[in-house]
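The values are calculated or read from the model by the stated rules, or taken from the named source; none is laboratory data. Note that the coordinates shown come from a computational prediction; the quantities given were computed from them, not determined experimentally. Heads up, the Cβs are rebuilt from the backbone with ideal geometry, glycines too, and the neighbour counts pull from every protein chain shown. Side chains are part of the model used for accessible areas, which takes the heavy atoms of the whole protein and leaves out ligands, DNA and RNA. Shrake-Rupley method; radii C 1.70, N 1.55, O 1.52, S 1.80 Å.
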Amino acid sequence: MSRFDKFFAGFSFRDSTPDYAPGDVIEVMVTGEDSGTAVARIGDSTLRIEDAPADAVNTRVLVAVDTWDEADHRGTGTYRETVGESAF
């Protein structure tokens, strides 16, 4: 193994457009609302969260992904529970 390989071992780039599958349960930060529905922005992707509490903005929540469009990087999910608040 070269020094270069050792230096970059375990190194990877994060994707700004992650893909999810229906049924995935993920933790996201609710960043806003759109027409009364909570929205999480994950990189360049958008997830609309159904049944989120009215005060969900700026909280971390668990969401079950219901639909995901890999081409548009948009989806919908169902609120499961609040797991934390923003650090700001």
Fluctuation leader among Ala52, Ala38, Ala71 - the chain, Gaussian network, Cα springs under 10 angstrom: Ala71
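Carbon and sulfur together cover what percent of the accessible area of the chain at a 1.4 Å probe radius?
Values: 2930 of 6080 Å².
Heavy-atom surface of the chain belonging to carbon and sulfur, 1.4 Å probe: 48 percent.
Give a quick list of trypsin sites (Lys or Arg not before Pro) in the range 33-78 that DSSP marks as loop, anything other than H, G, I, E or B, with at most 14 other Cβ atoms within 10 Å. Spell out each step's value before the answer.
Numbers: sites: Arg41, Arg48, Arg60, Arg74; in loops: none.
Loop-located and lightly packed - none at all.
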Between (1) 54, 32, 20; (2) 43, 25, 11; (3) 42, 25, 19, which matches Cα extents along the principal axes in Å calculated for the structure shown? (1)
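If packing is taken as the average count of other Cβ atoms within 10 Å, what order do 21-28, 76-83, 61-68 fall into, highest mean first? Write down the numbers at each step before the final one.
Details: 21-28: 13.1, 76-83: 15.8, 61-68: 18.1.
Output ranking for 21-28, 76-83, 61-68: 61-68, 76-83, 21-28.
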Leaving out ligands and nucleic acids, note down the accessible area per residue over the chain with a 1.4 angstrom probe, in whole Å². 69 Å²
Within the range 47-88, what residues put their amide N at less than 12 Å from the label point 7 Å along the Cα-to-Cβ vector of Thr37? 47-52, 66-68, 74-79
